[in-house]
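First comes the structure, then the notes that go with it.
The values are calculated or read from the model by the stated rules, or taken from the named source; none is laboratory data. Please read these numbers as outputs of a predicted model, since none were measured by experiment. Here the Cβ positions follow ideal geometry from the backbone for every residue, glycine too, while neighbour counts run over all protein chains shown. These area figures cover heavy atoms from the full protein model, side chains too; ligands, DNA and RNA do not enter into them. Shrake-Rupley method; radii C 1.70, N 1.55, O 1.52, S 1.80 Å.
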Amino acid sequence: MAGHTNGSTESFVKIPEIKFTKLFINGEFVDSISGKTFETISPRTGEVITRVAEGDREDVDLAVKAARDAFDNGPWPRLPGSERRRIMMKYADLVDENAEELAALDTIDAGKLFGLGKALDIPGAAQGLRYYAGAADKIHGETLKMSRELQGYTLREPIGVVGHIIPWNFPTNMFFMKVSPALAAGCTMVVKPAEQTPLSALFYAHLAKQAGIPDGVINVITGFGPTAGAAIGSHMDIDKVSFTGSTEVGRLVMQAAATSNLKAVSLELGGKSPLIIFDDADVEKAADLALLGILYNKGEICVAGSRVFVQEGIYDKLVKKLAEKAKTWVVGDPFDPTVRQGPQVDKTQFDKILAYIEQGKKEGATLLTGGKPCGEQGYYIEPTIFTNVADNMKIAREEIFGPVMSLMKFKTIDEAIKRANDTRYGLAAGIVTDNLNVANTVSRSIRAGIIWINCYFGFDYDCPYGGYKMSGFGRDMGMNALDMYLHVKSVVTPIYNSPWL
């Protein structure tokens, strides 16, 4: 069993005062029209952190009206790109200046490791803002070489009002992964953070105002998916929806967009990503990558390497090494700097993961490590590894979104490719080998949006990220992300003395 600690939080960090709990509409924090609020729960303890305004359709209407007016009549889409860049850079500086408080908010609200949040998530968000700030004054069209006596060029213009619906597993990263390119493009927006993790998004709205982003450009509606989220998806005055979450909810977003105003949609959905480890791999390094791939962020990550295929020559050695390393993996209070895995985000997710573990046992998989809750309070689960997993088992086919690894043995490259692709998802994949030919062959054969060779979670803002198949479409990050928030307009005029005059 992995270690567990319940150290005193006060010895590690001061819990921040919760400053922002209301909706943010047109530059102001306001109560919901209904006056309703809902509890946001700490996964560390299972106790209530605070109550947050519960936005509904009427509140979304107000937010969209503010965003629409800011787009149609306000300065943001009309500013020179260099001015948008300056304001976004100031916004990034404010994020950096408040890194400790923001990291603590994501720790108490989402169960994320405080040390990693302060060192990676918050600075990474600021980096993303600066990356797209640098693109804001470099959005150019093209001059066209027409086949007739016509002069043509294209303009790239902001798509309009955007609805961002973001998940709970990376509240900060996902906020800025969506908001940053949309800001650079000149869009205005309504953001709905997940109901489990609303606190940091409201703080980011406050910082946006401090940075000088005009009122109405960023609006934040806290509330529930079936009400506030559905209102965004079906709203006739929203021009585009960007959604990250489950495949099932992604379908609902598409349906809402289709039955309303045919708004543009981009979806980053579920995954069941394979990690393929070949015989020539260093067992120690391969074990470290495999554990990282499934246990990082307590397995609550769409690209988790949840299906680990190991070539038969090193299978037994790797199984033994994984068991050894999993026993040293410390689970506990995410404020504790010695902890490597915090709690699952809420009781619903906690219960879902435990149900999958029980299903794996019933279907005949062998429990190598973990499999149980740990700690006296909160939603902590031991790192769990199954061996003897068949491809048709639920734990090998369905997204668990928790610290549960399925280990499977294979013989040949062709077999590994075929089994890795035997999934409805196509978000990511990992390959561990020293053979360049094997790496090239497999990376070109796996149907997934991003392939990592001898690494995992190799994210960078310069690298596009998104899915194949039922993992969605559209690309976050990289310059490709800007394309999701821009229209291409063609302008054509006749050349003097042409027959078109």
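Of the set (1) assigned to a loop (DSSP other than H, G, I, E, B); (2) open to solvent by 30 Å² or more (accessible area, probe 1.4 Å), all apply to Thr348 but (1). If you take the residues in region 455-469 that are touching a residue at least 40 places away in the same chain (Cβ under 8 Å) and more than 18 Å from Ile166 (Cα to Cα), which one is nearest to the chain's Cα centre (by Cα)? Ranking the candidates gives Phe457 first.
Checking every residue in region 267-282 against the condition of being crowded, with 20+ Cβ neighbours inside 10 Å and in contact with a Pro (Cβ under 6 Å, 6 or more places away or on another chain) gives zero matches.
Could you check, for region 397-420, whether at least one of its residues is surrounded by fewer than 16 Cβ atoms within 10 Å (Cβ to Cβ), touching a strand residue (DSSP E or B) at 6+ places or on another chain (Cβ under 8 Å), touching a residue at least 24 places away in the same chain (Cβ under 8 Å) and over 27 Å from Ala323 (Cα atoms)? Taking every residue of region 397-420 in turn, none turns out to be surrounded by fewer than 16 Cβ atoms within 10 Å (Cβ to Cβ), touching a strand residue (DSSP E or B) at 6+ places or on another chain (Cβ under 8 Å), touching a residue at least 24 places away in the same chain (Cβ under 8 Å) and over 27 Å from Ala323 (Cα atoms).
Among the residues of region 373-383, write down those that are in a loop (DSSP other than H, G, I, E, B) and either acidic (Asp, Glu) or open to solvent by 50 Å² or more (accessible area, probe 1.4 Å) (or both). Those that are in a loop (DSSP other than H, G, I, E, B) and either acidic (Asp, Glu) or open to solvent by 50 Å² or more (accessible area, probe 1.4 Å) (or both): Glu376, Gln377, Glu382. Here region 55-84 is the region considered, the condition is being closer than 29 Å to Asp346 by Cα and touching a Leu at 6+ places or on another chain (Cβ under 9 Å), and the residue that is surrounded by the most Cβ atoms within 10 Å (Cβ to Cβ) is Gly55. Filtered by the rule that a residue be within 16 Å of the chain's Cα centre (by Cα) and not aliphatic (A, V, I, L, M), region 110-122 gives Gly111, Lys112, Gly117, Asp121.
Taken together, the residues in region 351-391 that are out of contact with any strand residue (DSSP E or B) (no Cβ under 7 Å at 6 or more places or on another chain) and in contact (Cβ under 8 Å) with a residue 40 or more places away in the chain amount to 6. Taking the listed residues Phe335, Phe386, the one that is open to solvent by less than 60 Å² (accessible area, probe 1.4 Å), in a loop (DSSP other than H, G, I, E, B) and of a type in the set (Phe, Trp, Tyr) is Phe335, with no other qualifying.
Without any contact (Cβ under 8 Å) to a residue 40 or more places away in the chain, in contact with a helix residue (DSSP H, G or I) (Cβ under 6 Å, 6 or more places away or on another chain) and open to solvent by 20 Å² or more (accessible area, probe 1.4 Å): does that describe Lys325? Yes; evaluated as a whole, the condition is true for this residue. Selection of region 292-313 for residues being of a type outside the set (Lys, Arg), surrounded by 20 or more Cβ atoms within 10 Å (Cβ to Cβ) and in contact with a strand residue (DSSP E or B) (Cβ under 8 Å, 6 or more places away or on another chain) yields Gly293, Ile294, Leu295, Gly299, Cys302, Val303, Gly305, Ser306, Val308, Phe309, Val310, Gln311.
Okay, residues lined up against (1) free of Cβ contacts under 8 Å to residues at least 12 places away in the same chain; (2) in a helix (DSSP H, G or I); (3) out of contact with any helix residue (DSSP H, G or I) (no Cβ under 8 Å at 6 or more places or on another chain):
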{"site": "Glu195", "(1), (2), (3)": "no, no, no"}
{"site": "His206", "(1), (2), (3)": "no, yes, yes"}
{"site": "Ala230", "(1), (2), (3)": "no, yes, no"}
{"site": "Asp237", "(1), (2), (3)": "no, no, no"}
{"site": "Val241", "(1), (2), (3)": "no, no, no"}
{"site": "Leu252", "(1), (2), (3)": "no, yes, no"}
{"site": "Ala257", "(1), (2), (3)": "no, yes, no"}
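Is it true that Val95 is open to solvent by less than 20 Å² (accessible area, probe 1.4 Å), touching a residue at least 12 places away in the same chain (Cβ under 8 Å) and under 24 Å from Ile232 (Cα atoms)? In short, no.
Just wondering, is there one or more residues in region 361-372 that are more than 25 Å from Lys418 (Cα to Cα), open to solvent by 10 Å² or more (accessible area, probe 1.4 Å), of a type outside the set (D, E, K, R) and not in a strand (DSSP E or B)?
Yes, the conditions are met somewhere in region 361-372.
Residues in region 105-145 that are charged (D, E, K, R) and open to solvent by 60 Å² or more (accessible area, probe 1.4 Å): 5 in all.
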